[in-house]
Amino acid sequence: MTDLSSKTFPAGFLWGTAIGAHQSEGNNLASDWWYRENQPDSPVAERSGDAVDSYHRWQEDLDLAAKAGFTDYRFGIEWARIEPADGHVSRAAIDHYVRIVEGAIAQGLRPMVTLYHFTLPLWFSAGGSWGRPDAIERFLKYLDAVAPILDAGVERVMTINEPNIVAVFPILQSGAAELADGIPVPDPGLTKVMIGAHRAAVARLRETHPELKVGWGVSVQDYQPAAGAEAQADSYAEPRDQVFLHAAAGDDFVGVQTYTGARIGADGVATAFDTSSPRTLTGWEFTPAALGGAVVRVARVVPGVPIIVTENGVATSDDAQRIEYTTGALQSLRTAMDAGADVRGYFHWSLLDNWEWGHWGPTFGLVAVDRDTFERKPKPSLAWLGGLAPKAAH
Ligand code: BGC
């Protein structure tokens, strides 16, 4: 087992934390999730509200990450703020994100931005969402609008966060399935649109910003075949994540977002690796080494595309368990790299305890946040993980 130190990963390795816009900013009034959360009979258990007020406290968040030793910072641009009404582009919102990019660079953090992380402007959603005939065209217009933010010094762009989860939302929201021990099969129509939107966005950014590194982040869990069930595991993974991974061919990186895994039996059904394993606060099996397993599969499915772990973490109220989980995950990542996977970086989800899509209970953060005062309270895991950042060779 590798003992972890700042030398475990190579100099130049991206060492980051990740947050998402809607989950941390607060009062994302023009978005479809905000609308849904605030309906009288909302199926969303707890609303995002002020979230953790990162819209105003972003500087504090950057400071925490930079002082802990991180070198990279992934955050979201919120389309519903950039274009809160159909056709109205908010100059003030653009300036806001320009300031964050400049602030990150001033702190020595390389910015990676996510363009679409589950939330959409309400006008886009209400007008048919990704089923609109002009959906991709409107996404590209949004991309054009955020050019000043990208020009401020963004290094990497994630076009879409977890397109495969976007494509299971209709099934999850109907209550027909949960995200534990495997995911439901993504909607084939949405799968096609997500891939189309990504390819179109990459092409547009190659034209307008050839210097940017562009990719997307796929939810990839560690699907391990039971003895003799290799073909079944492959068929299980194909529509759930591999079709999205194939679509990353030619990109500058593929983002891998791993939390857990499952065993795929000869019957093609996903079950827990070990029914006696603890469950995390999201109900997922506690499987730190899932990260290495997922990365090995990604390297096989999209050879030649550099991998960045754009999310990995654990929902727990016990910070010692977070350190235990992350230690196991990083050791498995190092092993995957030793076996040949071309991994360029690791972003921990999340910098902050934030709104977990309808729930405040599952805490993923390296930093706790007092929800009345918004005071940030670093947990021991922040300094521990930041301390593992590879240092430049002297
Ligand atoms: C998402 C995050 C989420 C995390 C933990 C990913 O699916 O990108 O928004 O908070 O996993 O559930």
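Within segment 279-311, work out how many residues are on the phi > 0 side of the Ramachandran plot and within 16 Å of the ligand (Cβ to nearest atom). Write out each step before concluding.
Initially, segment 279-311 is screened for residues on the phi > 0 side of the Ramachandran plot, giving 283, 304.
Subsequent filtering for residues that are within 16 Å of the ligand (Cβ to nearest atom) retains 283.
Residues meeting the conditions: 1.
Can you say whether PRO362 is modelled with pLDDT of 95 or more and away from the ligand (no atom under 16 Å from the Cβ), as far as the supplied structure shows?
Judged against the criteria, PRO362 is not a match.
Would you confirm whether any residue within segment 116-137 is within 16 Å of the ligand (Cβ to nearest atom) and of a type in the set (Val, Ile, Thr)? Walk me through how you get there before you give the answer.
At the first step, the residues of segment 116-137 found to be within 16 Å of the ligand (Cβ to nearest atom) are 116-120.
Narrowing the set further to residues that are of a type in the set (Val, Ile, Thr) leaves 119.
Checking segment 116-137: at least one residue is within 16 Å of the ligand (Cβ to nearest atom) and of a type in the set (Val, Ile, Thr).
Which residue pairs have Cβ atoms closer than 7 Å, lie 6 or more positions apart in sequence or on different chains, and pair a first residue in segment 215-241 that is closer than 18 Å to GLU285 by Cα with a second residue that is among the charged types (D, E, K, R) and within 16 Å of the ligand (Cβ to nearest atom)?
That search, which allows pairs on different chains as well, returns SER219/GLU162; SER219/ASP241; VAL220/ASP241.
Any chance segment 337-359 includes a residue that's part of a helix (DSSP H, G or I), more than 14 Å from the ligand (Cβ to nearest atom) and either modelled with pLDDT of 95 or more or touching a Ser or Thr at 6+ places or on another chain (Cβ under 6 Å) (or both)?
yes
Return yes when VAL166 is aliphatic (A, V, I, L, M), within 16 Å of the ligand (Cβ to nearest atom) and under 30 Å from PRO225 (Cβ atoms) and no when it is not.
Yes.
If you go through segment 335-346 one residue at a time, how many are more than 15 Å from GLY255 (Cβ to Cβ) and touching a strand residue (DSSP E or B) at 6+ places or on another chain (Cβ under 9 Å)?
2
Output the number of the condition that ARG322 fails; it satisfies all remaining conditions of (1) over 27 Å from SER235 (Cβ atoms); (2) assigned to a helix (DSSP H, G or I); (3) open to solvent by 20 Å² or more (accessible area, probe 1.4 Å).
Every condition holds for ARG322 apart from (3).
Of all helices (runs of 4 or more DSSP H) completely enclosed by segment 100-194, which ones contain at least 3 residues that are open to solvent by 30 Å² or more (accessible area, probe 1.4 Å) and at pLDDT 95 or above?
Per the criteria, 122-126, 135-145.
Taking the condition of being more than 18 Å from the chain's Cα centre (by Cα) and open to solvent by less than 30 Å² (accessible area, probe 1.4 Å), how many residues in segment 253-267 meet it? Break it down stepwise before answering.
Step one: list which residues in segment 253-267 are more than 18 Å from the chain's Cα centre (by Cα), which gives 262-267.
Still in the list and also open to solvent by less than 30 Å² (accessible area, probe 1.4 Å): 262, 264-265.
Looking only at that region, the number is 3.
Residue-by-condition table, conditions (1) of a type in the set (A, V, I, L, M); (2) open to solvent by less than 10 Å² (accessible area, probe 1.4 Å); (3) more than 22 Å from VAL185 (Cα to Cα):
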| site | (1), (2), (3) |
| --- | --- |
| VAL269 | yes, no, no |
| GLU285 | no, yes, no |
| ALA290 | yes, yes, no |
| PRO303 | no, no, yes |
| PRO306 | no, no, yes |
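Which residues, counting only those in segment 195-240, are β-branched (Val, Ile, Thr) and either in contact with a helix residue (DSSP H, G or I) (Cβ under 7 Å, 6 or more places away or on another chain) or open to solvent by 10 Å² or more (accessible area, probe 1.4 Å) (or both)? Reasoning before the result, please.
Going through segment 195-240, the residues β-branched (Val, Ile, Thr) turn out to be 195, 202, 208, 214, 218, 220.
Result: ILE195, THR208, VAL214, VAL218, VAL220.
State whether one or more residues within segment 176-187 are away from the ligand (no atom under 16 Å from the Cβ) and more than 23 Å from ALA249 (Cα to Cα). If you could, list the steps in order and put the result at the bottom.
If we filter segment 176-187 for residues that are away from the ligand (no atom under 16 Å from the Cβ), which is where we start, we get 176, 185, 187.
Within this subset, residues satisfying the condition of being more than 23 Å from ALA249 (Cα to Cα) are 176.
Checked segment 176-187: at least one residue is away from the ligand (no atom under 16 Å from the Cβ) and more than 23 Å from ALA249 (Cα to Cα).
The values are calculated or read from the model by the stated rules, or taken from the named source; none is laboratory data. Owing to the predicted nature of the structure, the values given are computational and were not obtained by experimental measurement. When we count neighbours, we look across all protein chains shown, and the Cβ atoms used for this are built from the backbone with ideal geometry, even at glycine. Surface areas here come from the heavy atoms of the whole protein model, side chains and all, with no ligands, DNA or RNA. Shrake-Rupley method; radii C 1.70, N 1.55, O 1.52, S 1.80 Å.
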